[in-house]
Amino acid sequence: MSETIQEKNKALVLDAFDTLFNKRDYTAAEKYWSPNYIQHSDHIEPGRKGLFDLVKSSPATLKYENQLILANGDFLILHGRFSGLGPGVPNWIVADVVRIENGVLAEHWDVIQDEATKAQSKSGLPMFGDSFPG
């Protein structure tokens, strides 16, 4: 059975995030992001260059983990965690929304929240996964 476009898009985006954020292979990452990439984040400079420069300036400990990915046509939502942001900086729990066009990431929006510790969580439940970060 052949993959659906949604399954292909999910694999593409997960590969793209791993290549850029975890492997930091900027040359390989260029094939995943459009040269005309549109960035809607308030903390990232415009375009693919802005995103890549942000990652380049981040600590080497930066890591992305994905928990959930949903697809609807060319739009995807990823629920993930960015950790290793620097000493004393809490992990980020992020909902990334991306739009795929012609097989590359063309546009991005995000919602970012500091990850709560067990002591901070009023619900007593972790924001990511089944346990609180150690």
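A simple rule links phi to the HN-Hα coupling: the Karplus curve 6.51 cos²θ - 1.76 cosθ + 1.60 with θ = phi - 60°, which for region 5-20 gives 4, 5, 5, 5, 5, 4, 4, 4, 5, 5, 5, 4, 5, 5, 5, 7 Hz, with x for Gly and Pro.
Choose one answer from V13, V104, V89: the residue with the largest mean-square fluctuation in a GNM of the chain with alpha-carbon springs under 10 Å. The residue with the greatest mean-square fluctuation here is V89.
Note on W109 and E45: the model spin-label points, each 7 Å out from Cα along the C-beta direction, lie 2.5 nm apart. Here the dipole of the chain is about 280 debye; that uses its Cα centre as origin and unit charges on the Cβ of Lys and Arg (positive) and Asp and Glu (negative). Expressed as a fraction of 2.2 N^0.38 Å, the C-alpha radius of gyration for region 91-134 is 1.57. Shape summary of the chain, radius of gyration then Dmax from alpha carbon positions: 15.2, 48 Å.
Only Cα pairs under 8 Å and 6+ residues apart enter the sum, and on that basis the relative contact order of the chain stands at 21 percent. Summing Cβ point charges (Lys, Arg +1; Asp, Glu -1) relative to the Cα centre of region 1-55 gives a dipole of roughly 100 debye. Under a Gaussian network description of the chain, with springs only between Cα atoms under 10 Å, the residue in G86, G124, G47 that fluctuates furthest is G124.
Couplings 3J(HN,Hα) of region 125-134, computed from phi: 10, x, 7, 8, x, 9, 8, 6, x, x Hz, in residue order, whole Hz [Karplus 6.51 cos²θ - 1.76 cosθ + 1.60, θ = phi - 60°; x for Gly and Pro]. Compute a Gaussian network model of the chain, connecting alpha carbons closer than 10 Å, and tell me which residue from N102, N72, N22 fluctuates the most. Between N102, N72, N22, it is N102 that shows the largest mean-square fluctuation. Using the rule -39500 (n - 2.57) for each DSSP H run of four or more residues, divided by the residues of the chain, the 222 nm mean residue ellipticity is -6000 deg cm²/dmol. Relative contact order of region 43-100: 27 percent, from C-alpha pairs under 8 Å at least 6 residues apart in sequence.
The numbers here are math on the coordinates, done by the rules we state, and not lab data. What you see is a predicted model, and the numbers here were worked out from it, not measured in a lab. Neighbour counts are summed over all protein chains in view; Cβ atoms, including those assigned to glycine, are modelled from backbone coordinates with ideal geometry.
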